[in-house]
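Have a look at the structure below, then the notes.
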Amino acid sequence: MQDFGFHRPADVKGALASLKRAAEGKYLAGGQSLIPVMKLGLAAPSDLVTLSGLAELKGLRLEGRELVIGAGVTHAEVAESTEVKKAIPALRELAGHIGDAQVRNRGTLGGSLAHNDPAADYPAAVLGLGATVQTDRRRIAADAYFKGLFQTALEPDEIIVQVRFPVPERAAYAKFPHPASRFALVGVMVAKGAGGIRVAVTGAGPGVYRSAELERALQARFAPEALTSVTVPSTGLTSDAFGSAEYRAHLVGVLARRAVAACR
Ligand SMILES: Cc1cc2nc3c(=O)[nH]c(=O)nc-3n(C[C@H](O)[C@H](O)[C@H](O)COP(=O)(O)OP(=O)(O)OC[C@H]3O[C@@H](n4cnc5c(N)ncnc54)[C@H](O)[C@@H]3O)c2cc1C
């Protein structure tokens, strides 16, 4: 890894100013994605601006019918939260199965969403639950946030401050984890709530997406059997050493049925 400057701002305003002063700066949260990327030489920022310790990015609370989670909240904090368990148990389950204990203790919600790995779990939760990403300057609806492989609607210096999850009537997440990393070979979030029925798929393609055919079938009847006759297209899905596009398409159907059966 090449040398870099390190900055510890006191607040979001200070973080924005530090990044502006840097030649090619990057924010650092839990470091569970950025540090490996730097070690591999795929990124070489001149400066790291740490967001850890910023009070504005902390906290987890219910506001009316929305669960508001700070971008700096770790996966472990979500997995251990009784508030999350009560409001959106599916989210607690999802966070509890990210990586291993070390990753969950360091990695953050905001870091996962900004990085937008095509096999990450949180993007499926944000898109499936129809959440809103609140940044230092605006609110971005989930449907407008994810832009494909490692791409998001964020400006280069924009900071995710919190995510607002509407509390669904019922939701569940089912994942087929990669045996080594625990990233999703395929993961499916199913939610039924004020925004209708939403099905978000991660791991299967170059970015998280909503499955129109599964949503249509569940609108007709919200039951696992409603998905039995649905064919999930493999066009555009990923083929690699771990699974063909056809295998991933098959998994999407299987996991969607499991998620619907587990919805509560
Ligand atoms: C071994 C291993 C296994 C893993 N398994 C899984 C898994 O099963 N499922 C899964 O979903 N993920 C998995 N991950 C990824 C993990 O969840 C990371 O924690 C997460 O992707 C990044 O979060 P972070 O806080 O570590 O961000 P960092 O690595 O610090 O940052 C990642 C990117 O986000 C930017 N960033 C960070 N915070 C913000 C913010 N608030 N606003 C704007 N930009 C920001 C940074 O500049 C950087 O570009 C795994 C990682 C490892 C190393």
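Quick notes
- Some residue of the range 117-128 being more than 10 Å from the ligand (Cβ to nearest atom), of a type in the set (Gly, Ala, Ser) and open to solvent by less than 10 Å² (accessible area, probe 1.4 Å): yes
- Looking across the range 100-132, the residues that are within 18 Å of residue 36 (Cα to Cα) and among the hydrophobic types (A, V, I, L, M, F, W, C) come down to 101, 103, 109, 113, 114, 119, 120.
- For the range 168-175, the count of residues that are among the basic types (Lys, Arg), open to solvent by 70 Å² or more (accessible area, probe 1.4 Å) and either within 30 Å of residue 22 (Cα to Cα) or not in a strand (DSSP E or B) (or both) is zero.
- Within the range 56-68, being in contact (Cβ under 8 Å) with a residue 24 or more places away in the chain, out of contact with any helix residue (DSSP H, G or I) (no Cβ under 6 Å at 6 or more places or on another chain) and within 13 Å of the ligand (Cβ to nearest atom) holds for one residue alone: 57.
- Of all residues making up the range 87-116, the number that are of a type in the set (A, V, I, L, M, F, W, C), surrounded by 24 or more Cβ atoms within 10 Å (Cβ to Cβ), in a helix (DSSP H, G or I) and near the ligand (Cβ under 6 Å from one of its atoms): 0
- Filtered residue count, the range 141-155, keeping only those that are in a loop (DSSP other than H, G, I, E, B) and either among the small types (Gly, Ala, Ser) or touching a strand residue (DSSP E or B) at 6+ places or on another chain (Cβ under 9 Å) (or both): 4
- Meets criteria (more than 11 Å from the chain's Cα centre (by Cα) and in contact (Cβ under 8 Å) with a residue 40 or more places away in the chain) for residue 197: no
- Members of the range 201-223 found to be open to solvent by 70 Å² or more (accessible area, probe 1.4 Å) and either part of a helix (DSSP H, G or I) or in contact with a helix residue (DSSP H, G or I) (Cβ under 6 Å, 6 or more places away or on another chain) (or both), listed by number: 216, 219, 220
- Pairs with Cβ under 7 Å, 6+ apart, first in the range 139-168 and within 18 Å of residue 206 (Cα to Cα), second loosely packed, with under 13 Cβ neighbours inside 10 Å: 153/144; 153/147
- Condition met for residue 226 (touching a strand residue (DSSP E or B) at 6+ places or on another chain (Cβ under 7 Å), open to solvent by less than 60 Å² (accessible area, probe 1.4 Å) and either of a type in the set (A, V, I, L, M, F, W, C) or assigned to a loop (DSSP other than H, G, I, E, B) (or both)): no
The values are calculated or read from the model by the stated rules, or taken from the named source; none is laboratory data. A quick note: this is a predicted structure, and the numbers were derived from the prediction, not measured. We place every Cβ from the backbone using ideal geometry, glycine too, and count neighbours over all the protein chains shown. Calculation scope for accessible area: heavy atoms of the full protein, side chains included, ligands and nucleic acids excluded. Shrake-Rupley method; radii C 1.70, N 1.55, O 1.52, S 1.80 Å.
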